[in-house]
Amino acid sequence: MKIAEKITAFAVMTIITTASAATLFNSGFYKGDKITFKKLAEGGFTRTISEKTADSFPFSKELRSVAAEIGAKAGEPVVNRVYISEDRLLYANEYDISSADRCAAAVNAFSSSYDGAVYFTAVPTSTGIYGDSLPSYLLPVTEKQLTEEVHNKLNSNIRRIDAYTILKNLSENYIYYRSDTKWTSYGAYCVYRTVIQKLGFIPVPYDKYAIRHVTDSYRGNLYSRTGYMESREDILDIYEYDDGTEIISCTGTDSQGLSREISLYDTEAANSANPYSLYLGESMEFIEIRTTVNNEKSLLVIGDETADCFIPFLTKHYSRIDIVSADNFGEIIDNYTNKSEYEQTLFILGMEHISEKYRGE
């Protein structure tokens, strides 16, 4: 780094440190939390500052943004557990390997009381595919290890679909956002091709779709965690294929039990505070989709936010698709439907959900 940049970095960091001293004191940073060289090395000064002041410092967003820029230039590229690489932002999630046991147990319990076919796919985050560039201390448990552990714990009758290998082999493509943990619509399409064949259908060829760029200025959840202004903006796409199939109805029910008509793509959301809600709109507990596909086939999808951009690809193959939020899915199913009505059930869970939902106490 140039001398001028070092001087600027030191000056700005001094200002930040002085301005946030009282906040650090009030946030409990000083209470038995000694600053050691090892702690600074294993996570960085900028990470320490940003995490401790995230909720109490009135300008925490601005602080994270400045800390991210300085950290990246100073060779200290970790802010709020987000690693700033040259190409993208990567979240260093602290995975608990035992969460694999609890996730598999929940899926096994569902399968044991269900007569249909159960399919399971765990979708890695961008870190799972590109995390080789992260320092090893940030990822003591990798997503690949966690995925394999879940697969090993699932009952033998559950069909496992290895999304990790599919996506890893396509890592040179635009399959993940650069500023978000989630896959792009193209990443979802690549996994759809394998999933739909496992479910018994022929996938729609890629060249049949007309791809519409809804926005090319998307900044995702990792940008929100860091405010790193130099992160590249992303593209949100809609995949459209006019084969005569139409959506008859798409009804969502929220956590309050209120139902309303929604759409596969909420284009107005692209300009909202949550642009990613372009896919299926705001979070719902239960979604019912009916199509003009004339095969009387029904599918139950149990998924988290990761599944939102994946669902539209399925609508070309089923006359009925119902989607249940992966949070408390057993209770939601009991409230809104009967699992015996579906020939197949697809679990599609993001690694973040598996880690957070099934983390030990």
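Structure summary
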read-out	value
Student exercise, region 99-357 dipole from Lys, Arg, Asp, Glu Cβ charges, in Debye to nearest 20	660 debye
DSSP-assigned coil residues among GluC sites (Glu not before Pro) in region 234-308, each with at most 14 further Cβ atoms within 10 Å	246, 282, 296
Packing-based exposure ordering (other Cβ within 10 Å, fewest first) of 286, 201	201, 286
Cα gyration tensor shape of region 92-170, rounded if a/c is under 1.5, else prolate or oblate by comparing a/b with b/c	oblate
Greater than 25 Å apart at Cα, pairs in 316/339; 198/339; 144/182; 153/339; 198/357; 182/339	198/357; 182/339
Amide proton proximity set for residue 184, modelled H, under 5 Å, gap of 5+	176, 177
359, 290 arranged by Cβ crowding within 10 Å, fewest neighbours leading	359, 290
Part-to-part distance (alpha-carbon centres) for region 232-302 and region 98-140, which is given in Å	24 Å
Region 193-230 and region 310-359: distance between their alpha carbon centers, rounded to Å	19 Å
Point-charge dipole on Cβ atoms (K/R +1, D/E -1) for region 72-144, about Cα centre, debye to 20	100 debye
Residue-count net charge about residue 209 - beta-carbon cut-off 15 Å; Lys, Arg +1, Asp, Glu -1	-1
Residue order, fewest to most beta carbons within 10 Å, for 351, 284	284, 351
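Here, each number is a calculation from the coordinates, and none is a lab measurement. In this text, all values refer to a predicted model and were calculated from it rather than measured experimentally. Reconstructed Cβ throughout: ideal geometry from the backbone, glycine too, with neighbour counts over all protein chains shown.
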